[in-house]
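Accompanying notes for the structure given below.
Please treat every number below as a calculation from the coordinates, not as lab data. Given the structure is predicted, the values throughout are model-derived calculations rather than measurements. With ideal geometry, Cβ positions are generated from the backbone for all residues, glycine too; neighbour counts draw on all protein chains shown.
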Amino acid sequence: MSAAVILEDLTVTYERRAAVHHVSGRFDAGSLTAVVGPNGAGKSTLIKAIVGVLQPAQGQVRLGGLSARAIGYLPQAAEIDRSFPISVADTVAMGAWGQIGAWRALTGGLARRAREALEAVGLEGFEARAIGSLSSGQLQRVLFARLLVQDAQLIVLDEPFTAIDARTTHDLLQLVRRWHGQGRTVIAVLHDLEQVREHFPQTLLLARERIGWGATGDVLCSANLRQARNMAEFWSADAGLCHADTGARP
């Protein structure tokens, strides 16, 4: 049901500084892939380029014909406005916007799916609660429920398990495994390498450039991790966008 995501010589910049630099590779259809690397490695930048929040400076992202509504995106928790006056039920229902539009009421089937999604994340009875009243773990469960309602073919998660409790992490990892078992393509930015080794069969190790991409056990070897750390130590905050025809590097 999923399409492959292909990166072709992808460079993404902030103010002409390369945050992701000439990355090529492929997330196979139905794969479950962790994106890891040092702080500032360009992981979130890469994710935002995949979902279309950021535009490439060079190269391209190919989504195998997927439309925007077929992509489920969960940004970092810091990017969620918890002060916005919206209920848990309405937040979860937003997952159906791609199917019904922003102003139409949920059909009986979609309303039932929203209730089932809340049950699946362990939050039945929370429908009327404001999202601002939730704990970090509860809010993340709500956002996963929204993804369940969206029923996307490509699911992209940016640090989904940061600053949440162990029980919530365990429960949400089970949903990730469920999506993978259904043949969806799942890409997640993560920091916990032991978690990656245990739950994610594929890994992209990034240090602005591609260090390794493939089977997790092969990618997370000591040599690759050392190379990523060394590259991070020598990054220059003033490095500009290179020009491929000159061979310059940031």
Original post:
So, in nm, how far is label D81 from label E127 when the simple model puts each one 7 Å beyond its Cα toward the Cβ?
Top reply: 2.6
Original post:
Between A111 and Q182, what length comes free when the chain is fully extended (0.36 nm per residue of separation minus the Cα-Cα distance, one decimal in nm)?
Top reply: 23.4 nm
Original post:
Looking only at region 136-168, which residues have a backbone nitrogen under 20 Å from a spot 7 Å from the Cα of A68 in the C-beta direction?
Top reply: 146-158
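Report for the chain the percent antiparallel among DSSP-assigned beta bridges with both residues inside it, nearest 5.
Expressed as a percentage, antiparallel bridges in the chain total about 50.
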Subject >> Sequence of V92, V176, V53 once ranked by neighbouring C-beta atoms within 10 Å, starting from the fewest >> reply: V53, V176, V92
Original post:
In terms of the Cα gyration tensor, with a ≥ b ≥ c the square roots of its eigenvalues, is the chain rounded because a/c is under 1.5, prolate because a/b exceeds b/c, or oblate?
Top reply: prolate
Original post:
Which order do Y14, Y73 fall in if you start with the one that has the fewest other Cβ atoms within 10 Å?
Top reply: Y14, Y73
